[in-house]
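Below: one structure, written as structure tokens.
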């Protein structure tokens, strides 16, 4: 259930099948392709693939500002995660960690409790005073890993994303002052230029928090231009965005919490650079 | 007359969805009279009637239909998906449906 090969299979399952087929030159359905890849490739090849192709996954992204320029020497043996790979390119450090998340799952037919382990790719990208943590999203429904007749429910989870994030931030907090990047300005610029519009938006009023969730596939600014002018003067929080241009430069949608430096990509991007472009575009307009 | 007055009121704006309650509260009518007005407006091809399927998680209208037969067995909510909710596809038989009207222009 949790052999090294099982973990590699679940790791590859986080990537689009099309990409796996192209990269490893395998044919068949997702299950066949992953079976063949884990049978024909050494684990370090698979880790290399994970390191180089995270831009094609669904992700939770956390952006932070450091109070001074990053110094690589601070990452020593006290760093809380094992570093699988590292690269330095144009003064930008990219580190890959694969922490193990452990789910306890209740099963029916027959009743049982099983542990299900996953390796979650975490890319740590540091450039001068900018720290970006990219967590590839794990499959949220554990029942996909069991036969259909066995109803599976999560009982508990150990070492999940929240815990890993906390460990990383505690470590960086010992060496730097770390604050979530506030990208209200960046997102409002893109909104102003009609490059993006939102399906859902939450904002802070002087005495309350308001939220608007659009019906169907309508977007906020398009339907409420007058209200838009008021809320761009407020602090934005959780929001769901649609990319309005048709050039495929950004992914078709993303969620963001501009006041807490959080971005989430819930669908596989069409093109590999789209996620990176979302981050860059928001930050260059910030 | 009341209906004509209501239409004059909303003619210059985008009224979006018109609920019976909008008409009732505007003219302080009994609910049945407001509903009757809306149904008359449908007969006169002034309004069209819609059924909105409501998301159990975000409470928004996921999609609207012209009649009950058009509603599919399951429906996908892209906001629930974007926000990583436990579920993003729902059986429509278990979901709340709202009736409302739209202005035919």
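Screening the candidates A:41, A:60 for the property of being at pLDDT below 95 and either surrounded by 14 or more Cβ atoms within 10 Å (Cβ to Cβ) or in the same structural domain as residue A:143 (by TED's automatic domain parsing) (or both) yields one hit, A:41.
Look at residue A:73 and say whether it is under 21 Å from residue A:171 (Cα atoms), surrounded by fewer than 13 Cβ atoms within 10 Å (Cβ to Cβ) and in contact (Cβ under 8 Å) with a residue 40 or more places away in the chain. Here the answer is no, as residue A:73 does not meet what is asked.
Assessment of the stretch A:215-234 against the conditions (under 22 Å from the mean Cα position of the chain (by Cα), away from every other protein chain (no Cβ under 13 Å) and closer than 17 Å to residue A:187 by Cβ) yields no matching residue.
Comparison of A:172, A:135 shows that the only residue that is in contact (Cβ under 8 Å) with a residue 60 or more places away in the chain and closer than 17 Å to residue A:71 by Cα is A:172. In the stretch A:257-286, the residue that is surrounded by the fewest Cβ atoms within 10 Å (Cβ to Cβ) out of those that are within 14 Å of chain B (Cβ to nearest Cβ) and under 17 Å from residue A:130 (Cβ atoms) is A:262. Filter the stretch A:235-245 for residues that are modelled with pLDDT of 95 or more and more than 14 Å from chain B (Cβ to nearest Cβ) and give the result. Of everything in the stretch A:235-245, those that are modelled with pLDDT of 95 or more and more than 14 Å from chain B (Cβ to nearest Cβ) turn out to be A:244, A:245. Of all residues in the stretch A:120-139, those satisfying the criterion of being in a loop (DSSP other than H, G, I, E, B) and within 13 Å of the chain's Cα centre (by Cα) are A:120, A:121, A:137, A:138, A:139.
Which residues, taken from the stretch A:9-31, are surrounded by 13 or more Cβ atoms within 10 Å (Cβ to Cβ) and either without any contact (Cβ under 8 Å) to a residue 40 or more places away in the chain or more than 23 Å from residue A:116 (Cα to Cα) (or both)? Selection gives A:9, A:12, A:17, A:19, A:20, A:21, A:23, A:24, A:26, A:30.
Checking the stated criteria, residue A:235 turns out to be touching a helix residue (DSSP H, G or I) at 6+ places or on another chain (Cβ under 9 Å) and farther than 25 Å from residue A:92 by Cβ.
The values are calculated or read from the model by the stated rules, or taken from the named source; none is laboratory data. Not measured: the values here are computed from a predicted model. Cβ: placed from backbone, ideal geometry, glycine included. Neighbour counts: every protein chain shown.
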